[in-house]
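No value in this document is a laboratory result; all are computed from the given coordinates. All values reported here derive from a predicted model rather than from experimental measurement. Every residue, glycine among them, receives a Cβ derived from its backbone with ideal geometry; neighbour counts consider all protein chains shown.
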Amino acid sequence: MNYGVASMTAPLRRVALRQPGESVQQADARAWNYGPSFDRSRVESEHAAFTGLLAESDVDILWMDQDSDIADAVFTYDASLMTPGGAILMKPGKALRAGEQELHRNFYAQQGIPVIGEISGDGHAEAGDTLWLDMDTLAVGRGFRTNQSGIDQLAAQLVEYGISVQAFDLPVYHGASACLHLMSLASLVDTRVAAICKPLLPVGLYQLMQNMGFVLLELPYEEYEKSGTLSGNILALAPGKCIMVDGFPQTRQLLLEAGIDVRVFTGDSLCIGCEGGPTCMSRPIYRSQ
């Protein structure tokens with residue numbers, strides 16, 4: 001097998017990335033809700049630094065190279081969800097990302113990876129609103145990017161794999177124009193360890209994770225706010241081995257004290273500026289169990 005994912009932390013073997021090319025360089029920052037730290041001259045070098053960390057960890061990198069004017073397509077996590085049986089094409093709820101899943105459809109066809117389903121009709125869903133709690137449990141956030149129809153379709157497509165979909169309402173927070181995914185509120189950094197934004201985490205999810213035996217590390221809220229939620233956007237390369245954006249020493253210290261190996265890269269322009277961290281920039285294709 002060279003594809004299949006049912007974990008946030010199992011060793012990352014293959015990942016799909018997309019370069020921040022012309023679509024990002026020419027993006028209307030106001031239309032895309034990019035912040036003041038967005039600097040077109042730095043996004044490519046910051047993405048290269050992130051890519052370098054993946055390469056150093058022997059992650060096989062696959063590139064989505066089809067032309068597109070969708071600036072947020074650099075955040076490859078959202079427009080499809082990899083499962084044990086293959087990919088499910090999502091249907092982004094952000095209007096400017098409409099049709100982005102077609103880039104993923106073409107990519108999977110090129111790679112010979114099966115597409116086992118897709119979100120259609122009045123459904124909307126972004127994979128940033130999904131969180132694998134274990135191989136049999138997928139938490140999904142219901143909010144501005146993912147609606148109930150999308151969740152119902154996702155659940156129906158996963159039932160044959162024995163995967164339970166548990167839905168939780170997300171807070172309004174900064175409103176519909178801002179990016180707040182379920183993964184903005186919780187990042188698994190080890191098999192049963194998660195960094196969470198406790199004040200915003202849905203009560204039901206908090207209780208479920210407690211009942212499942214998770215150790216919950218409370219993210220320093222001042223850094224969380226300062227980063228626009230990106231201090232908590234942490235990509236696990238393996239259990240206890242992670243990548244995060246640099247510049248948030250309290251958060252990094254929290255992880256280090258929990259025994260987590262943390263690697264950092266500068267992401268002020270591409271991540272903080274464009275509302276997407278290391279998890280967002282990576283579409284895991286294969287995590288070994």
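Annotations for the structure displayed:
- Footprinting exposure proxy for V159, V115, V262, V24 (fewest neighbouring C-beta atoms within 10 Å first): V159, V115, V262, V24
- Close Lys pairs in the range 12-287 (alpha-carbon distance under 25 Å; sequence gap of 8 or more, or different chains): 4.
- Based on DSSP H segments of at least four residues, each scored -39500 (n - 2.57), the chain has a per-residue ellipticity at 222 nm of -6500 deg cm²/dmol.
- If the convex hull is drawn through the Cα atoms of the chain, its volume per residue in Å³: 111
- Projected label points at K226 and V203, each 7 Å from Cα along the beta carbon direction, are separated by 3.2 nanometres.
- Residue-count net charge about G21 - beta-carbon cut-off 13 Å; Lys, Arg +1, Asp, Glu -1: -4
- Sorted fewest first by neighbouring Cβ atoms within 10 angstrom, M212, M1, M82 come out as M1, M212, M82.
- Full extension of the chain between D122 and S149 yields a length gain of 9.1 nm, computed as 0.36 nm times the residue separation minus the alpha carbon distance.
- Extension reserve of the V215-T137 stretch, reckoned as 0.36 nm per residue once the Cα distance is removed: 26.4 nm
- Beta bridge orientation in the chain: antiparallel %, DSSP, nearest 5: 45
- Label-zone membership for the range 1-42, site S57, 7 angstrom Cα→C-beta point, backbone N under 12 Å: 8-15
- Summed residue charge, Cβ within 12 Å of G228's Cβ, Lys/Arg positive, Asp/Glu negative: -3
- Net charge, D69 excluded, C-beta distance under 12 Å - Lys, Arg +1, Asp, Glu -1: -4
- Each of C242, C197, C271 was scored by other Cβ atoms within 10 Å of its Cβ. Listed from fewest to most, they are C197, C242, C271.
- Net dipole in debye of the chain [+1 Lys, Arg Cβ; -1 Asp, Glu Cβ; about Cα centre; nearest 20]: 280
- Alpha carbon centroid spacing (whole Å) that separates the range 94-152 from the range 1-36: 14
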